[in-house]
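**Q** Sharing a structure below in structure tokens format, with a few things to ask.
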Amino acid sequence: MKKTDKKKIEEFIRVDHAGERGAIKIYEGQLLALNTFVKNDELKRTIEKMKEHEKEHCDYFENEIKKRNIKPTKFLPLWDLMGVGLGFGTTILGKKAAMLCTASVEEVIQEHYADQIKQLEPDEKKLKNKIIKFRDDEIDHKDIAYEEGATKKGPYSILDKIIKTGSKFAIRISEKI
């Protein structure tokens, strides 16, 4: 049976843990804005539901980090701050920006997970199946974000590029450090 490179698995789990935790922090920032400055109970419920999925994903990778004795990225505290700031800031800009934040991040993660799925060998079937399930959840979040008003029209196209570039940057760093 062909085996997946151990170093690659460590990178996958480290970056996926950081990403899922980052998603939670983005939603926490959005909820902070919704609980203080922006009143939209419907959007709040939608974000709370998506955050629950991210918590399930993060818990899985947290357990894998412990079980496999993998060091999490050293950048977790920075990603936490940036995630809360991104979520809060986009929500202050309005519902379209908040939902674009979700859509943009999920589009990057969807591609990222698809790439990992292709690289995982049969020896990591359980991990692969979890990542497939989590990718499907992220696709659902992206679809919800567009249904709720996410757009890339006008100045939102710039916000989309900034969010995607930042997400890709965080992925590359978190894989290695």
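Just so it is clear, none of the values below were taken in a lab; they were calculated from the coordinates. This is a predicted model, so every value here is computed, not measured. Using ideal geometry, Cβ is built from the backbone for each residue, glycine included, and neighbour counts are taken over all protein chains shown.
**Q** Could you state the angle between the C-alpha long axis of helix 41-67 and the longest principal axis of the C-alpha atoms of the chain, as a value from 0 to 90 degrees rounded to the nearest 10?
**A** Result, in degrees: 20.
**Q** Here's a follow-up. Note the angle between two axes, namely the Cα long axis of helix 156-176 and the longest principal axis of the Cα atoms of the chain, as a number of degrees from 0 to 90, rounded to the nearest 10.
**A** Approximately 30 degrees, to the nearest 10.
**Q** Sort Glu11, Glu64, Glu52, Glu42 so the one with the fewest other Cβ atoms within 10 Å of its own Cβ comes first.
**A** Listed from fewest to most nearby Cβ atoms, that is Glu42, Glu52, Glu11, Glu64.
**Q** Measure off 7 Å from each Cα along the Cα-to-Cβ vector at Lys66 and Ile173, then give the distance between these two points in nanometres to one decimal.
**A** 2.7
**Q** Using a simple spin-label model with points 7 Å from Cα along the Cα→Cβ vector, what separation in nm is obtained for Lys133 and Lys39?
**A** Spacing of the two 7 Å Cα→Cβ label points: 4.0 nm.
**Q** If I histogram all Cα-Cα distances within segment 6-176 using bins 10 Å wide from 0, what percent of pairs lands in each bin?
**A** 10, 42, 34, 12, 2
**Q** Would you mind checking the tilt of helix 76-93 against the longest principal axis of the Cα atoms of the chain, expressed as 0 to 90 degrees and rounded to 10?
**A** So the inclination is approximately 30 degrees.
**Q** Rounded to the nearest 500, what is the 222 nm mean residue ellipticity of the chain from helices alone, with -39500 (n - 2.57) per DSSP H run of 4+ residues and division by all residues?
**A** -29000 deg cm²/dmol, from helical runs alone.
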